[in-house]
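J.: Below you'll find the structure I mean.
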Amino acid sequence: MRNKITIVGAGFVGATAAHWCAVKELGDVVLVDIVEGMPQGKALDLLQAGPVEGYDLHIVGTNDYKETANSDIVVITAGLPRKPGMTREDLVGVNAKIVRGVVENVVAYSPNSIIIVVTNPLDTMVYLAKKVSGFPRERIIGQAGVLDSARMRAFISMELNVSVENIHAFVLGGHGDEMVPLPRYSTVAGIPITELLPPERIAAIVERTRKGGGEIVALLKQGSAFFAPSAATMQMVEAILKDRKMILPCSVYLEGEYGMHDICFGVPVKLGRSGVEQILEIKLTPEEQEAMSRSAALIRSSMAALEL
Ligand code: APR
């Protein structure tokens, strides 16, 4: 039997996620949106690419959660993207209402699913989903660190003219402008970038990574990034469904790890068939720990807007 993947929000991120999902043959896809006809149309279009690409999947679009019943994974992308000049935190009021409603439906129709949240402000929306669903923390995961690390990897690759496959990067903390890229743990073929690049070039890469989403928002002028966010999401889906035990930075509910409680925050986790199978605590310098605290403070300020 094939896995069933529901994607809520059939906009830029959701529809592109469905596309990666089909191309990678990760499972049957249900695309949900409130706009009538749009998810149905996009699903049908994607289904019709199957004969060309060679995938045999059920792909449906709907406005009704009945069709999502018993999904293995539900990816939530429903909500507004930011406009130029906005921070992700500016979206909290409107997106909290949307995410709350979506999560209530997910709990009703797929009580055993694993939820991956993509809607911004990310860590705050993961926290809301955790509280509204009552799911164990293993099954509520936020996508942010994979994207932020991918951006940093791309920038390192551009700087050194080295294959992206050789490059690992670690970006932890919240998915906001105070995110915490960790150059000490970012490597090229196993060599830390701190040994390959001068401090000012590393600082420039760190800064561009932090502002990576905003750079694209400013260029697009409407909407935000969607290719890399959806690809990052699908790497998480694949790691879970194929039980790959991949170590990836994800936003999860912390119960004392990194000295933090009752917050969803980006940390390295092991993803397998049960969701988050382990949270890795890596050693941080006092400066890095301080950066984590600044990032957490930004998340807590947007969490304060939630009505829980
Ligand atoms: N239920 C289902 N879908 C909804 C709901 C809802 N209650 N409310 C809004 N949507 C849908 C919209 O109709 C739209 O099709 O969510 C979709 C969002 O798509 P886009 O506007 O294209 O936004 P996108 O770029 O996909 O970003 C979605 O992901 O990366 C984050 O910051 C980004 O929060 C944003 C989210």
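The values are calculated or read from the model by the stated rules, or taken from the named source; none is laboratory data. All values reported here derive from a predicted model rather than from experimental measurement. Methodologically, a virtual Cβ is constructed for each residue, glycine included, from the backbone with ideal geometry; neighbour enumeration extends over all protein chains shown.
J.: Considering the stretch 69-84 alone, what residues qualify as being assigned to a loop (DSSP other than H, G, I, E, B), in contact with a Gly (Cβ under 9 Å, 6 or more places away or on another chain) and not polar (S, T, N, Q)?
T.: Asp72, Ala78, Gly79, Pro81, Arg82, Lys83, Pro84, listed by residue number.
Per-residue answers, yes or no, for (1) surrounded by fewer than 22 Cβ atoms within 10 Å (Cβ to Cβ); (2) near the ligand (Cβ under 8 Å from one of its atoms); (3) under 26 Å from Gly272 (Cβ atoms):
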| position | (1), (2), (3) |
| --- | --- |
| Gly79 | no, yes, no |
| Thr87 | yes, no, no |
| Gly93 | yes, no, no |
| Ser113 | no, no, yes |
| Val117 | no, no, yes |
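J.: Separate question: Touching an Asp or Glu at 6+ places or on another chain (Cβ under 9 Å), buried (at least 24 other Cβ atoms within 10 Å of the Cβ) and within 30 Å of Val106 (Cα to Cα) - does that describe any residue in the stretch 149-162?
T.: No, every residue in the stretch 149-162 fails to be touching an Asp or Glu at 6+ places or on another chain (Cβ under 9 Å), buried (at least 24 other Cβ atoms within 10 Å of the Cβ) and within 30 Å of Val106 (Cα to Cα).
J.: Here is a further query. What pairs come up if the first residue lies in the stretch 215-227 and is more than 9 Å from the ligand (Cβ to nearest atom), the second is aliphatic (A, V, I, L, M), and their beta carbons are under 7 Å apart, counting only those six or more places apart or on different chains?
T.: Listed by first residue and then by second, the contacts come to Ile216/Ala225.
J.: Looking at the stretch 37-77, which of its residues are near the ligand (Cβ under 10 Å from one of its atoms) and free of Cβ contacts under 8 Å to residues at least 60 places away in the same chain?
T.: If the condition is that a residue be near the ligand (Cβ under 10 Å from one of its atoms) and free of Cβ contacts under 8 Å to residues at least 60 places away in the same chain, then Met38, Pro39, Lys42, Asn63, Tyr65 are the ones that fit.
J.: Give the residues of the stretch 1-14 that are in contact with an Asp or Glu (Cβ under 7 Å, 6 or more places away or on another chain) and within 15 Å of the ligand (Cβ to nearest atom), sorted by residue number.
T.: Gly9, Ala10 - these are the residues of the stretch 1-14 that are in contact with an Asp or Glu (Cβ under 7 Å, 6 or more places away or on another chain) and within 15 Å of the ligand (Cβ to nearest atom).
J.: Every residue in the stretch 292-308 that is farther than 19 Å from Gly256 by Cα and buried (at least 22 other Cβ atoms within 10 Å of the Cβ), please.
T.: The answer is Ser302, and nothing else.
J.: Inside the stretch 212-241, can you point out the residues that are of a type outside the set (A, V, I, L, M) and surrounded by 15 or more Cβ atoms within 10 Å (Cβ to Cβ)?
T.: Those that are of a type outside the set (A, V, I, L, M) and surrounded by 15 or more Cβ atoms within 10 Å (Cβ to Cβ): Gly212, Gly213, Gly214, Gly223, Ser224, Phe226, Pro229, Ser230, Thr233, Gln235, Glu238.
J.: Do the conditions hold for Lys131, that is, is it within 27 Å of Met38 (Cα to Cα), surrounded by fewer than 24 Cβ atoms within 10 Å (Cβ to Cβ), more than 14 Å from the ligand (Cβ to nearest atom) and of a type in the set (D, E, K, R)?
T.: Answer is no for this residue.
J.: Among what's in the stretch 25-36 and is buried (at least 22 other Cβ atoms within 10 Å of the Cβ) and of a type in the set (A, V, I, L, M), pick the residue that is nearest to the ligand (Cβ to nearest atom).
T.: Step by step, filter the stretch 25-36, then rank; the result is Val32.
J.: Return the only residue of Ala22, Ala17 being within 25 Å of Arg139 (Cβ to Cβ), within 10 Å of the ligand (Cβ to nearest atom) and in contact with a strand residue (DSSP E or B) (Cβ under 7 Å, 6 or more places away or on another chain).
T.: One residue alone meets the criteria, Ala17.
J.: Same structure again: Checking Val107 against (1) crowded, with 19+ Cβ neighbours inside 10 Å; (2) in a helix (DSSP H, G or I); (3) out of contact with any Lys or Arg (no Cβ under 9 Å at 6 or more places or on another chain), which test does it fail?
T.: Condition (1) is where Val107 drops out.
J.: Please identify the pairs in which a residue from the stretch 274-291 that is assigned to a helix (DSSP H, G or I) has its Cβ atom under 9 Å from the Cβ atom of a residue that is surrounded by 13 or more Cβ atoms within 10 Å (Cβ to Cβ) and of a type in the set (Gly, Ala, Ser), counting only partners at least 6 apart or on another chain.
T.: Ala291/Gly173
J.: Moving on to the next point. Suppose we filter the stretch 218-244 for residues that are of a type in the set (D, E, K, R) and either in the same structural domain as Lys24 (by TED's automatic domain parsing) or touching a strand residue (DSSP E or B) at 6+ places or on another chain (Cβ under 6 Å) (or both); how many remain?
T.: The total comes to 1.
J.: Ok, one more. Look through Glu238, Glu178 and report the one residue that is among the acidic types (Asp, Glu) and not in a helix (DSSP H, G or I).
T.: Glu178
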